[in-house]
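Below: one structure, written as structure tokens.
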Amino acid sequence: MNTHDEERIRHLLKAALPPIENTEPGNSGPARDLWPAILRRLDERPAPPWFDWALAGGLALFAVAFPATIPVFLYYL
Amino acid sequence: MNTHPYLRAFLAGAFPPILVLPLVLTVFIVFRLVLQVPVPIERGIIFPMALVPSLFGLWNMLWMSSHARTHLPIGLHGALLPLVLMPFGALLATCLGILAIGAQGVVWFQAFHFPYTLIAPIFFGALVAYYLVWKYIVGFVNRVLGIA
């Protein structure tokens, strides 16, 4: 095996195997920061529909009208 | 993040009751120990403290495992939980002596009387509360943890 063959094998091995620095223990995380992508995805959520606001308002009115029900709701949450 | 999805689902589901529990404990300490209100609230603490967070976590695990088949929105799935939780909680409350069932209605914590006509609105209110909590809080945590 001459020097040219060694160089060729080295080149083929480097092309076939992943970079070693990403496979070491403690350094196996993603190559880029994923948190901005998560924040972007969360921001894409549409605003709550009107009936959810109506349900929340109705629930608040019910709790105000019957305050004795609040301990019962807290018991179940 | 593809590891331990059921553990993440459990933690996401248990998040809302764990968030509310310190508030409940604060209210309990203020009313029972500081103001000396003669209502046996401490007997009722067992259910929300010991069982509800675990049931929320298990219910979210059930949603995660069944979502591919049922395609049920998480809000509606959460709104079904009171159907399991309320009879179980009422049974436990009866055994602990904080719920008395009478001829005209029920008495909670030996202080709050509810006629039977008010039971259905309370149950509907619980469904609404659970729907909103699951849709907006558990759904949010599920998305952050990469479950939904």
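The values are calculated or read from the model by the stated rules, or taken from the named source; none is laboratory data. All values derive from a computational prediction rather than experimental measurement. Ideal geometry is used to build each Cβ from the backbone, glycine not excepted, and the neighbour counts take in all protein chains shown.
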| remark: (1) within 30 Å of residue B:48 (Cα to Cα); (2) at pLDDT below 85 all hold for residue A:54 apart from (2)
| field | Inter-residue pairs, beta-carbon under 6 Å, first under 13 Å from residue B:49 (Cβ atoms) and in segment B:1-30, second part of a helix (DSSP H, G or I) and modelled with pLDDT of 85 or more, 6+ apart | value | B:14/B:53; B:14/B:56; B:14/B:57; B:17/B:52; B:17/B:53; B:17/B:56; B:18/B:53
| said: Checking the structure you have, find out if any residue of segment B:75-90 is under 17 Å from residue B:110 (Cα atoms) and either surrounded by 14 or more Cβ atoms within 10 Å (Cβ to Cβ) or at pLDDT 80 or above (or both). | reply: yes
| said: Tell me yes or no: at least one residue of segment A:12-22 is outside any loop (DSSP other than H, G, I, E, B), at pLDDT 80 or above and within 12 Å of another protein chain (Cβ to nearest Cβ). | reply: no
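Residues are listed down the side, and each one gets a yes or a no for (1) away from chain A (no Cβ under 12 Å); (2) farther than 21 Å from residue B:50 by Cα:
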| position | (1), (2) |
| --- | --- |
| B:91 | yes, no |
| B:96 | no, no |
| B:99 | no, no |
| B:106 | no, yes |
| B:126 | no, no |
| request: For residue B:30, state whether it is within 12 Å of chain A (Cβ to nearest Cβ) and loosely packed, with under 14 Cβ neighbours inside 10 Å. | output: no
| task | Please tell me if residue B:15 is touching a helix residue (DSSP H, G or I) at 6+ places or on another chain (Cβ under 6 Å), closer than 13 Å to residue A:76 by Cβ, of a type in the set (Phe, Trp, Tyr) and within 14 Å of chain A (Cβ to nearest Cβ). | result | no
| task | Kindly list, by first and then second residue, each pair from a residue in segment B:86-112 that is part of a strand (DSSP E or B) to a residue that is exposed (fewer than 12 other Cβ atoms within 10 Å of the Cβ), limited to pairs with Cβ atoms under 9 Å and residues at least 6 apart or on different chains. | result | B:99/B:91; B:105/B:115; B:105/B:117; B:106/B:115; B:107/B:101
